Amino acid sequence: MDLFAARTPPHQPLAARMRPASLDEYAGQQHLLGPGRPLRVALEQGALHSMIFWGPPGVGKTTLAKLLATLADAHFVTISAVLAGVKDIRLAVDQARQHAAQNGRQTILFVDEVHRFNKAQQDAFLPYVEDGTLLFIGATTENPSFELNNALLSRARIYVLKALDEQALDALLSRALADEQRGLGQHQLTISAEARSILIGAADGDARRLLNLLEIAADLVADGGSIDVELVGDLLNDNRRRFDKGGEAFYDQISALHKSVRGSDPDASLYWYARMIDGGCDPLYIARRVVRMASEDIGNADPRALTLCLNAWDVQERLGSPEGELAVAQAIVYLACAPKSNAVYMGYKMALQDVAGQPSLEPPLHLRNAPTKLMKELGYSQGYRYAHDEPEAYAAGEDYFPEEMQPRRYYQPVNRGLELKIGQKLEYLRGLDAASTSKRRPEQP
C-alpha cells in the first residue's frame with residue numbers, strides 16, 4: 001500500500017514527497033532499526049513506548065515518528081514546541097480521549113523541538129503519559145539530559161539518531177532520481193559521479209538538505225539533461241556545514257579543539273578550528289578560548305604562550321576575518337606543540353576549595369600595612385622581613401599564610417619546559433627554609 005499516493009500533493013517539496021512509506025525505505029539508523037536492534041524489535045512485537053529521538057537535523061526524526069504511528073495504527077498528533085503551549089497539549093489530550101472512546105485507537109503525541117518547552121509545559125502532559133492517555137514521542141537536536149526534566153526523561157526511552165553516512169545518502173539520491181511517482185523519475189535526469197559526490201558531501205549527513213539541493217539542481221536543467229560539476233558548484237556558493245552556535249555541536253567541537261591542543265596534536269587542533277570557522281563560529285570566541293587554553297594547559301611550562309595568544313586575539317580584533325584567523329591558527333599550533341602543565345590551574349582550584357571551606361581568616365599582623373600610629377601600636381607590620389634585604393632576596397623560614405592555617409603547597413610544577421627550572425628553584429628555597437632557625441612561629445601539629 002502506498003501511504004503517500006492519496007495525500008502528497010504535487011507541489012510539495014521533494015524532501016516531503018520522498019518521505020519513506022515503510023521501514024524498508026527509511027535511510028540510515030540501522031543501529032536502531034536493523035534486524036534484532038532494539039527499536040525494530042519493539043515495533044515487531046507491538047510494544048511501543050514513550051521515547052525521545054535525539055539527533056542532528058535531517059536524519060529522519062519526524063519521519064520515523066510518523067512511520068511508527070502508521071505501523072501501530074495509532075492516531076498521530078504533532079505539535080511544535082516552538083509555537084505550541086499548554087492549550088495545545090490539552091487539545092491533544094482531548095483528541096486522544098475521543099479516539100480511544102470511539103475506536104479504541106491509541107494516540108501518539110509527537111512534539112518536535114521538545115527541548116524548547118519550559119518546565120511547566122513539559123509537566124503539562126506528564127500525567128497523560130503516565131496514565132496511558134498518550135504515547136509520547138519527542139524530537140530534539142539538543143542533549144536531553146541538559147534540556148529536559150528528569151520526570152520526563154524517566155518516562156521515555158532515549159534513542160540517538162546519527163547523521164546519515166555517504167552510503168545512505170547515495171541510496172536516497174538514487175531513489176529520488178528514479179522514483180516517477182514521488183521523485184524526479186519523470187524528468188529522466190542523470191548526474192555525473194563527481195557531481196553526485198559533491199552533493200552528498202555538501203549534505204553533511206542531512207537527508208533534507210541533500211534532497212533540497214537536488215531539487216534546485218533539477219529545476220535548472222531540462223528534462224533528460226545532466227546535473228554536472230559546474231552546475232553543482234554554482235549551486236553551492238555557501239557550503240557551510242551544520243553548526244548551531246548555542247547547541248550541542250558547538251560545545252562538542254570546542255571540546256574537541258581544546259582536547260586536541262591538550263593532547264599535543266597540532267593537526268587535529270587545526271582541523272577542529274577549521275570546522276568551527278567553516279560552521280560560522282565567531283572567531284573572537286575561539287580567540288578567547290585559546291587564551292584560556294594557554295593558562296589552563298600550558299601555564300608556566302611556557303609563559304610565552306599566554307602572550308602569543310593575547311596577541312593573536314588582538315590581531316583578530318584589529319584585522320577581522322579572514323586575516324585574523326591565521327594569527328589564531330598560529331597560536332593554536334604553538335599551544336599544541338608547547339610543553340604542557342596544568343600546575344597553576346590545579347593549584348588555583350585547590351586554593352579556591354580551601355577558601356570556600358574555611359571562615360574568612362585574617363592576614364597575620366606582620367603582613368599588614370601600618371600607615372597610621374594606631375596601627376603601629378596594634379602591632380601591624382611588626383616583625384615583617386623585607387625580602388630584598390634578606391640573603392638571596394628570600395626570607396627563609398617566613399610564613400605568609402593565616403595563623404590558623406598550616407602552610408599549603410598548591411603549586412606543584414611539572415618536570416617540563418620552564419617549570420622544570422621553576423621547580424628546581426622552589427626546591428632550593430624550601431631547602432633554605434629547612435635550614436633556617438629563624439622561623440616566625442613553630443609549625444602547628
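The values are calculated or read from the model by the stated rules, or taken from the named source; none is laboratory data. Since the structure is predicted, the reported quantities are computational estimates derived from the model, not experimental observations. Positions of Cβ are backbone-derived with ideal geometry, glycine not excepted, and every protein chain shown enters the neighbour counts. Surface areas here come from the heavy atoms of the whole protein model, side chains and all, with no ligands, DNA or RNA. Shrake-Rupley method; radii C 1.70, N 1.55, O 1.52, S 1.80 Å.
With the alpha-carbon atoms of the stretch 105-204 aligned to their principal axes, the span from lowest to highest coordinate is 54, 33, 19 Å, starting with the largest.
Explain nothing, just the number: dipole magnitude of the chain about its Cα centre with +1 on each Lys and Arg Cβ and -1 on each Asp and Glu Cβ, in debye rounded to the nearest 20. Walk me through the numbers before you get to the answer.
Working: 48 positive and 57 negative charges, 251 e Å.
For the chain, the charge dipole is close to 1200 debye.
List the longest stretch of the chain that has no exposed loop site; here a site is one of the trypsin sites (Lys or Arg not before Pro) assigned by DSSP to anything other than H, G, I, E or B, with at most 10 other Cβ within 10 Å. Segment 8-408 is the longest.
Beyond a 29 Å Cα-Cα separation, which of these cross-linked pairs lie in this structure: Lys349/Lys425; Lys340/Lys425; Lys376/Lys421; Lys61/Lys119; Lys61/Lys87; Lys162/Lys340? Don't skip to the answer; put the middle values down first.
Numbers: Lys349/Lys425 23 Å; Lys340/Lys425 19 Å; Lys376/Lys421 40 Å; Lys61/Lys119 23 Å; Lys61/Lys87 24 Å; Lys162/Lys340 35 Å.
Over 29 Å Cα-Cα: Lys376/Lys421; Lys162/Lys340.
A crude spin-label estimate for the pair Asp265 and Leu432, with each label 7 Å from Cα along the Cβ direction, gives 4.5 nm.
How big is the Rg/Rh ratio for the stretch 369-442, C-alpha atoms only, Rh by Kirkwood, two decimals?
Values: Rg = 15.5 Å, Rh = 14.6 Å.
Rg/Rh: 1.06.
Relative to the longest principal axis of the Cα atoms of the chain, the long axis of helix 266-278 lies at roughly 50 degrees.
Longest span of the chain, sites excluded, free of GluC sites (Glu not before Pro) in DSSP loop with at most 14 other C-beta atoms within 10 Å?
181-402
The stretch 318-412: Rg/Rh from Cα coordinates, Kirkwood Rh? Computed over Cα atoms, the ratio is 1.21. For the chain, the solvent-accessible area with a 1.4 angstrom probe is 54 square angstrom per residue. Here's the picture: charge each Lys and Arg Cβ at +1 and each Asp and Glu Cβ at -1 in the chain, and of Gln98, Tyr384, Phe136 the one pushed furthest to the positive end of that dipole is Tyr384.
Test of understanding: given the chain, find the longest segment containing no chymotrypsin sites (Phe, Trp or Tyr not before Pro) that are in a DSSP loop and have at most 11 other Cβ atoms within 10 Å. Don't skip to the answer; put the middle values down first.
Details: sites that count: Tyr386, Tyr400.
Value returned for the longest uninterrupted segment is 1-385.
Charged side chains reduced to their Cβ positions (Lys and Arg at +1, Asp and Glu at -1) give the stretch 76-204 a dipole of some 460 debye around its Cα centre.
If you fit an axis through the alpha-carbon atoms of helix 207-219 and take the longest principal axis of the Cα set of the chain, what angle between them do you get, 0 to 90°, nearest 10? With both axes taken from Cα atoms, the answer is about 60 degrees. Taking Cα atoms only, the orientation of helix 304-319 departs from the longest principal axis of the chain by about 50 degrees.
Where does the chain land on Rg/Rh, using Cα atoms and the Kirkwood Rh? Don't skip to the answer; put the middle values down first.
Numbers: Rg = 32.0 Å, Rh = 27.7 Å.
So for the chain, dividing Rg by the Kirkwood Rh gives 1.15.
Compared with the direct C-alpha span, the chain from Ile158 to Phe401 gains 82.3 nm at full extension, assuming 0.36 nm per residue. Split the accessible area of the stretch 335-445 by element, probe 1.4 Å, and carbon with sulfur accounts for 57%. An ellipsoid equivalent to the stretch 1-147, defined through the eigenvalues of its Cα gyration tensor, has semi-axes of 23, 19, 17 Å when rounded to whole angstrom and sorted largest first.
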